[in-house]
Amino acid sequence: MSALLDVKQLEVAYGGIKAIKKIDFHVDEGELVTLIGANGAGKSSTLRALSGLIKPVGGTVTYKGQDITGIPSHALVGLGIALCPEGRGVFARLNVHENLLMGAYARNDKAQILREVDEIYTMIPRLKERTAQLAGTLSGGEQQMLAIGRAMLAQPKLLMLDEPSMGLAPLMVEKIFEIINLIAKRGTTILLIEQNAQLALENAHRGYVLESGEITLAGDAKTLLADPRVKAAYLGG
Amino acid sequence: MSIDVLLQQIVNGLVVGSVYALVALGYTMVYGILQLINFAHGEVVMIGALTALVLAKWLLGAGVPPMIALLLAILIAMAVCAAVGVLVERIAYRPLRNAPRLAPLITAIGVSIFLQQIAILVFGRNYFSFPELISKTPIEIGHITINMNEIVILITSVALMAGLLWLVHNTKIGTAMRATAENQKVAGLMGIDINKIIAITFAIGSALGAIAGVMVASNYGQAHYYMGFMLGLKAFTAAVMGGIGNLWGAMVGGLILGLVENVGLIFVRGDYKDIFAFVVLVAVLIFRPQGLIGERVAERA
Ligand SMILES: Nc1ncnc2c1ncn2[C@@H]1O[C@H](COP(=O)(O)OP(=O)(O)OP(=O)(O)O)[C@@H](O)[C@H]1O
Ligand SMILES: [Mg+2]
């Protein structure tokens, strides 16, 4: 079986400086795969290249067997790829409901979209209580929930999340991961970028460790959790 | 000063102000989405006025009834201006989207001069008289005088502004415009083709400008290749006064500017009328640089 997402020899550079140095990884259908690494390891750069926000300087990205390297981000949505960007990126001056609708921008099945908005509200009741509130006035955790809900409205086959736990209190992080797990259980394939290695590996099937733009370890999430090198570098001993 | 004179000037101010408001919307929409001051917008308004004028005269000559001639002329002028606006963005501004902000600003001034020269080539340097398609016979209401042309200008402006607000706040495309104005990258991630949204923004602003151009030309009974300059400057002032980037700001700013100018006429000679716009601009920039309704720009860092 071929992978849903297959990344080969991906290279990303800013000016002359290489942020990602020929990395290979893949995500199979139905998997929850995590890419962990320290600050500046190149996690977001990888996602930016995958989602068309920047053009990679080398390598190929294959999705469902189709070469999607360098396709602009707005064209990827229709193919079933959604990115929940670093720092959430909710539209601060749009209300919660409008933010969710923007997630479904590429679609035209209005009745079904509204049904799915209701499903999101059922899954995340906190958003329902705040439909008319401007997204900029939501708490950080609520914004993250909104960003995930919004991405789901694109009906993605592949959902990519960039550090959903960033800057959130433990209780909120737990809630966010409950939502992520629920989405994974319902069959959406997930590529999760995290600095919180413990949490990411506990929830994922497989993981990759990114260090200074290179993948240094890969494997089954449980195995990585037990790996002494991972323990030493990312799990506080 | 009698109260009648004041009321009369308020009515005149509202008529002129609503035209300023329509033009100001073009500036503010583009600024909201690109943080670019499209100095060529005044010229787009001029092209709208001249296109409509030539067409209307030709249609009248061909025996078309005045109202139909006017409507056709306006519709075609709107299409022409929308095309000009979209082309200007595509050719002159898009390549500079990531350039330092001074570059597109200077380009905008260049485009403005370019469009004026094109207008000279196509229409010539003459002053054209705009045919009286809607009656300008004075109507007395109490001690105030207004004519049907002015009434139509007022009603049309209000309708267009209401329509624009509705579009921006209640439709998918309008929500996408606001999303794009806020964060182009994330808008792209939603599947929004931001180039398309930006083109639509230019098209709408330019089409509104075309209508405003026809209003000015019909109100003063004339049009010429240079009319976009002062009108554009004043509408820009109105947009800044209201808070550039903010639709309500452009409307309120336009109306206030029209009122200030016309009420001011009670106190000074007509030749000094244009001074008011710029006194107001300087005062706003000193005391409330974010405009009357605008948000502080730092917020959109
Ligand atoms: N726009 C940019 N211009 C120049 N260098 C950049 C840019 N974005 C990222 N970099 C550099 O690329 C490297 C990888 O950055 P990236 O944002 O991908 O890291 P990250 O793993 O997501 O880190 P974090 O966990 O802090 O989000 C860093 O050294 C960073 O300084
Ligand atoms: Mg990052």
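Residues being within 24 Å of residue A:210 (Cα to Cα) and within 16 Å of ligand 2 (Cβ to nearest atom): count how many of those fall in the range A:145-175. Residues that pass the stated criteria total 9. Of A:41, A:49, A:19, all but one fail to be under 18 Å from the mean Cα position of the chain (by Cα), closer than 25 Å to residue B:187 by Cβ and crowded, with 19+ Cβ neighbours inside 10 Å; the exception is A:49. Only a single item in (1) hydroxyl-bearing (Ser, Thr, Tyr); (2) within 30 Å of residue B:183 (Cβ to Cβ); (3) open to solvent by 90 Å² or more (accessible area, probe 1.4 Å) is not met by residue B:127, and it is number (2).
Being more than 30 Å from residue B:174 (Cβ to Cβ) and under 20 Å from the mean Cα position of the chain (by Cα) is the requirement here; does residue B:114 meet it? Spell out how you get there, then give the answer.
Details: more than 30 Å from residue B:174 (Cβ to Cβ): yes; under 20 Å from the mean Cα position of the chain (by Cα): yes.
Criteria met by residue B:114.
Taken over the range A:73-95, the criterion of being part of a helix (DSSP H, G or I), surrounded by fewer than 24 Cβ atoms within 10 Å (Cβ to Cβ) and more than 7 Å from chain B (Cβ to nearest Cβ) is satisfied by A:75 alone. The single condition among (1) within 9 Å of chain B (Cβ to nearest Cβ); (2) part of a helix (DSSP H, G or I) that residue A:49 does not satisfy is (1). Residues in the range A:215-237 that are more than 23 Å from residue A:172 (Cα to Cα), surrounded by 15 or more Cβ atoms within 10 Å (Cβ to Cβ) and at pLDDT below 90: A:230, A:231, A:233.
Within the range B:113-170, count every residue that is free of Cβ contacts under 8 Å to residues at least 40 places away in the same chain, in contact with a Ser or Thr (Cβ under 6 Å, 6 or more places away or on another chain) and hydrophobic (A, V, I, L, M, F, W, C). Adding up the residues that qualify gives 1. Taken residue by residue, the range B:62-70 has no member that is over 20 Å from residue B:153 (Cα atoms), open to solvent by less than 20 Å² (accessible area, probe 1.4 Å) and β-branched (Val, Ile, Thr). Listed by first and then second residue, the pairs with beta-carbon distance under 9 Å, at least 6 apart or on different chains, first residue in the range B:193-213 and within 12 Å of chain A (Cβ to nearest Cβ) and in contact (Cβ under 8 Å) with a residue 60 or more places away in the chain, second of a type in the set (Lys, Arg) and surrounded by fewer than 24 Cβ atoms within 10 Å (Cβ to Cβ), are B:195/B:90; B:195/B:94. For the structure I just gave you, tell me whether residue A:35 is more than 10 Å from ligand 1 (Cβ to nearest atom), under 24 Å from residue A:223 (Cβ atoms), away from chain B (no Cβ under 14 Å) and buried (at least 16 other Cβ atoms within 10 Å of the Cβ). So residue A:35 does not fit the description; no.
The values are calculated or read from the model by the stated rules, or taken from the named source; none is laboratory data. Values in this document were obtained by computation on a predicted structure and should not be read as measured data. Note that each Cβ is placed from the backbone with ideal geometry, even for glycine, and that neighbours are counted across all protein chains shown. Side chains included, ligands, DNA and RNA excluded: accessible areas come from the protein's heavy atoms. Shrake-Rupley method; radii C 1.70, N 1.55, O 1.52, S 1.80 Å.
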